[in-house]
There are 2 protein chains.
Amino acid sequence: MSKTISVGIVGYGNLGRGVESAIRQNPDMELEAIFTRRNPEAIEAGTPMVSISDIEQYKGKIDVMILCGGSAKDLPEQGPALAKHFHTVDSFDTHALIPEYFNKVDDAAQTNGNVSVISTGWDPGLFSLNRLLAEAVLPEGKEYTFWGKGVSQGHSDAIRRVEGVSNGIQYTIPHDAAVERVRSGSNPQLTTREKHLRECFVVLQEGADAEAVANEIKNMPNYFADYETVVHFVSDEVLRAEHSTMPHGGNVIRSGQTGPNNGSTQLIEFSLKLDSNPEFTASVLVAYARAAYRMAQAGQTGAKTVFDVPYGLLSPKSPEQLRKELL
Amino acid sequence: MSKTISVGIVGYGNLGRGVESAIRQNPDMELEAIFTRRNPEAIEAGTPMVSISDIEQYKGKIDVMILCGGSAKDLPEQGPALAKHFHTVDSFDTHALIPEYFNKVDDAAQTNGNVSVISTGWDPGLFSLNRLLAEAVLPEGKEYTFWGKGVSQGHSDAIRRVEGVSNGIQYTIPHDAAVERVRSGSNPQLTTREKHLRECFVVLQEGADAEAVANEIKNMPNYFADYETVVHFVSDEVLRAEHSTMPHGGNVIRSGQTGPNNGSTQLIEFSLKLDSNPEFTASVLVAYARAAYRMAQAGQTGAKTVFDVPYGLLSPKSPEQLRKELL
């Protein structure tokens, strides 16, 4: 094996802690330091904690920085800034802003001879790859993405803003019947309501009117009005005990027609069932950190997406070993 | 869009006909000629049929040759021979011989500045990609491949060699219970017998002893003895009417653990449900033909596998369009 890949983590929330665990599962990588905006001395971890303002001192010591900040505020600034000094990997997931983000990171990385793999994770990321693959293989077909069962952060936040709500969480759940219709190969037209159910667990403030809260949630435009929405009221204890993990998952399904007169129906499905959304995203980030390092070693520069990275670069195994063992 | 990619098909069996159909679904490709060992004038097709002995006359006229011969006899010879003159794509699927085949094709392709993508299709091919991906993302886990429901050519041939059998076909069928145990994330140890069922439809020769035939099939070492095998006797008419299509499919499933103390179970599944095995394989070959052409345009040479090809090269869309629409 070649030299150990030295990795830094930027941001120590759920995702950063997931990356820390994932690196332990990959013997060809070593975690050098974790960079935080908080006071590093106040955080307990098994790894050196460093103030993010000192990050440039690690130039030449860290092969790849894994950016674990959020897409709303952290990455738009950190992505381009850190691509000037390091090879980077991130999970920027604001779909509509990806082209603009790509260009900014690409400028910074190209100018400084670095490689930055942006928008990895599972959606964007592995789901995107499977959309592309299925569309390329079955050009005459239709693609469906189902998400869940999993927590939607945006919808949970929306619940918490309702008057009378002290806490709450929302699960997006695909309707089994819709998934089965798609798997049958019939290429159904599915409405928003037919595809996903929204299930809410809500803790009321003292004296709040449950019926009024439920109505306000169910009729909230954009977030809930177009869906079948179920609201359960629970105590704060139950919410903490039963709804504090972060499961997620989903399915990318494409069915298409091939052959003379398009007579054969072919179905491609990729699915994930995740106990922990942030830990899985972290595991994907770590595999793409390996690829970023290798692309840089091969002399490549600039921003890349999962579409630009051959799968062979994700594995610690050599090309010969991959052909022998996995092809 | 850049220039149309000019394609040739070598071998006009089920796979070659599938490629012919698939090219019609891809407006950036054009089928130039079909090469056959048979008398080209005796074959009806909507495309020029050419004797394979004249194939070198097409140097410079055809961008990529899609090799549709069999892995047992055709490809070991044609793969290296044609890689000298053309960019090629094939579906060489004798797993154990892939490393040797890769080296021979690589020699021929490198020496002559061509690109040859070998062993595409779905297994080897898309299944291999998903094995690699899942192993790279979840290094601490276990992988399962299920095949079927689908016809196994090797097992069907074995049935037909039994004395008293005039015709027959064998379906490999995954046991639902085994698939569900794997999906539960419990990483079960599964025996051969627990994973797949073998179902045979057999036409007897006149006067043959049905019980003796069934026993001989069920106890055939390597092919059937380790499995639960079901034998149905049918008439030749029923066999032709009900068992002449070539469905197939399967699932690659990996479940692994992540997080502190490996406390979270994560499941990645890729599955195919195919009405027509050869047409689907053909559709994959065509997408990889596009990639081979682009890799050659980018100055690459030599043998490649699916592990070396970024997904972005499979799609007719530009990188900008892919980032905008599919990421």
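For the reader, a short list of remarks on this structure follows.
- Evaluated at q = 0.05, 0.07, 0.08, 0.10 Å⁻¹: base-10 log I(q)/I(0), Debye formula over Cα of the protein assembly as shown: -0.26, -0.51, -0.66, -1.00
- Which listed pairs, of B:Lys84/B:Lys104; A:Lys195/A:Lys273; A:Lys317/B:Lys304; A:Lys304/B:Lys3; B:Lys59/B:Lys84; B:Lys149/B:Lys195, have C-alpha distances above 21 Å, in listed order: A:Lys304/B:Lys3
- In the stretch A:169-262, GluC sites (Glu not before Pro) in a DSSP loop with at most 10 other beta-carbon atoms within 10 Å: A:Glu206
- Positions from the stretch A:291-312 whose accessible area shrinks by 50 Å² or more when the full protein complex is built, not the chain alone, probe 1.4 Å: A:Phe307, A:Pro310, A:Tyr311
- Normalised per residue, the accessible area of the stretch A:126-251 is 47 Å², obtained with a 1.4 Å probe and no contribution from ligands, DNA or RNA.
- In the stretch B:127-275, the alpha-carbon atoms span a convex hull of 103 Å³ per residue.
- Cα gyration tensor, the stretch A:36-183 - rounded (a/c under 1.5), prolate or oblate: oblate
- Part-to-part distance (alpha-carbon centres) for the stretch A:187-228 and the stretch B:180-211, which is given in Å: 46
- Backbone phi angles across the stretch B:318-327, fed through the Karplus curve with coefficients 6.51, -1.76 and 1.60 (θ = phi - 60°), yield HN-Hα couplings of 6, x, 4, 5, 4, 5, 6, 9, 10, 7 Hz in residue order; Gly and Pro are listed as x.
- Computed from backbone phi, the HN-Hα couplings of the stretch A:230-245 come to 10, 10, 10, 9, 9, 7, 4, 4, 5, 4, 5, 6, 10, 10, 9, 7 Hz, rounded to whole numbers (Karplus: 6.51 cos²θ - 1.76 cosθ + 1.60, θ = phi - 60°; Gly and Pro given as x).
- Residue by residue along B:276-285, Cβ atoms of other protein chains within 10 Å of the local Cβ number 5 on average.
- Per-atom-type breakdown for chain A gives carbon and sulfur 45% of the accessible area (1.4 Å probe, protein chains only).
- Accessible area buried between chains A and B, both sides summed, probe 1.4 Å, in Å² to nearest 100: 5700
- Of the GluC sites (Glu not before Pro) found in the stretch B:138-167, those that fall in a DSSP loop while having at most 16 other beta-carbon atoms within 10 Å are B:Glu140, B:Glu163.
- Taking the Kirkwood radius as Rh and the Cα radius of gyration as Rg, chain B has a ratio of Rg/Rh equal to 1.01.
- A:Met65 long-range amide H proximity, modeled H, under 5 Å: A:Gly8, A:His87, A:Thr88, A:Val89
- Computed from phi, the 3J(HN,Hα) profile of the stretch A:129-144 under the Karplus parametrisation 6.51, -1.76, 1.60 (θ = phi - 60°) reads 4, 6, 4, 5, 4, 5, 5, 5, 7, 10, x, 9, x, 9, 10, 10 Hz, with x in place of Gly and Pro.
- Local electrostatic count at B:Gly256 - Lys and Arg +1, Asp and Glu -1, tallied over other residues with Cβ under 10 Å: -1
- Dividing the helix sum by the residues of chain A, where each DSSP H run of 4 or more adds -39500 (n - 2.57), gives a mean residue ellipticity at 222 nm of -10000 deg cm²/dmol.
- The longest part of chain A holding none of the exposed loop trypsin sites (Lys or Arg not before Pro), meaning those outside H, G, I, E and B in DSSP with at most 14 other Cβ atoms within 10 Å, is A:162-327.
- Peptide A:253-264 shows a mean partner chain C-beta count of 5 within 10 Å per residue C-beta.
- Separation of the stretch A:17-51 from the stretch B:88-132 is 40 Å, based on Cα centroids.
The values are calculated or read from the model by the stated rules, or taken from the named source; none is laboratory data. Remember, it's a predicted structure, so these values are computed and weren't measured experimentally. Every residue, glycine among them, receives a Cβ derived from its backbone with ideal geometry; neighbour counts consider all protein chains shown. Remember, those area values only see protein heavy atoms, side chains included, never the ligands or the DNA or RNA. Shrake-Rupley method; radii C 1.70, N 1.55, O 1.52, S 1.80 Å.
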